[in-house]
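Okay, structure first, notes after.
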Amino acid sequence: MSQGVVTYQVAGDEAASPEERRLAASSPSFLRPLLGRAYQRRRLLAGGVNWQRILFVAVDGEVAGYLQFYLRGEGPHRLSLAELRAEFGASNAAWRWALYQLVQWRFRRFEAYLYRIIIDERFRSRGLGRRLLERWLELLAQHEVRQADLEVWGNNPRAEAFYASLGYEAYRRRRWPLRASWLRDRELTHMVKRW
């Protein structure tokens, strides 16, 4: 691994680079039915980034990946009903807002939840995902978190083994009854790490 590997948080929007802003405003594809295509989601979420809930990893000054998380009810984004109205109109915003709040509740109920971890393809297989997750777990320990949850989508034994190497245990496996084009996998493994 390169000597120039750094994990860090950005102090705020004014301190963020354009690439950090773009990545911070990204979201998983399962939000597509509620918030639109990737470019719409980024535009909607860009104004309400919660920088305290995002970690980055850089290699020799280039952003190589990021991790978004929830901690005690706060996630990586703060979206308002007014922003949804501006994007989709009043009638479409109402149902999107209600469903978005339901999705948010699902993640806010955890003490700590790993929402998303992405390593750029050019930087994979260098241990950066492990480094980013270890930094996140250190951060949670500083906040005296007793349990950190995550979910692995699909039948992905490699990912499950990776998380298990960091102390996670499979808690529950389930299959979503929903079938949709924006939902790539219906299998879900809930994993938990307790201190």
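The values are calculated or read from the model by the stated rules, or taken from the named source; none is laboratory data. Small disclaimer: the values here were computed from a predicted structure and weren't measured. Using ideal geometry, Cβ is built from the backbone for each residue, glycine included, and neighbour counts are taken over all protein chains shown. To get the accessible areas, we keep the full protein, side chains included, count just its heavy atoms, and leave off ligands, DNA and RNA. Shrake-Rupley method; radii C 1.70, N 1.55, O 1.52, S 1.80 Å.
Summary of computed values
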{"read-out": "Qualifying positions in region 24-47 - open to solvent by less than 30 Å² (accessible area, probe 1.4 Å) and either farther than 22 Å from ILE119 by Cβ or without any contact (Cβ under 8 Å) to a residue 40 or more places away in the chain (or both)", "value": "LEU34, LEU35, GLY36, ARG41, LEU44, LEU45"}
{"read-out": "All positions within region 95-107 that are open to solvent by less than 70 Å² (accessible area, probe 1.4 Å) and free of Cβ contacts under 8 Å to residues at least 12 places away in the same chain", "value": "ALA98, GLN101, ARG106"}
{"read-out": "Scan of region 134-160 for residues that are of a type in the set (Gly, Ala, Ser) and at pLDDT 95 or above, ordered by number", "value": "ALA141, ALA148"}
{"read-out": "Count - residues of region 110-119 that are outside any strand (DSSP E or B) and either open to solvent by less than 50 Å² (accessible area, probe 1.4 Å) or in the same structural domain as THR189 (by the TED database) (or both)", "value": "1"}
{"read-out": "Scan of region 174-193 for residues that are at pLDDT below 85, out of contact with any helix residue (DSSP H, G or I) (no Cβ under 8 Å at 6 or more places or on another chain) and surrounded by 11 or more Cβ atoms within 10 Å (Cβ to Cβ), ordered by number", "value": "ARG174, TRP176, ASP185, ARG186, GLU187"}
{"read-out": "Every pair of residues 6+ apart whose Cβ atoms lie under 8 Å, when the first sits in region 127-144 and is under 14 Å from VAL5 (Cα atoms) and open to solvent by 10 Å² or more (accessible area, probe 1.4 Å) while the second is assigned to a helix (DSSP H, G or I) and not hydroxyl-bearing (Ser, Thr, Tyr)", "value": "GLY129/PHE162; ARG130/PHE162"}
{"read-out": "Of residues in region 48-82 being open to solvent by 40 Å² or more (accessible area, probe 1.4 Å) and over 18 Å from ARG96 (Cα atoms), the one farthest from the chain's Cα centre (by Cα)", "value": "ASP60"}
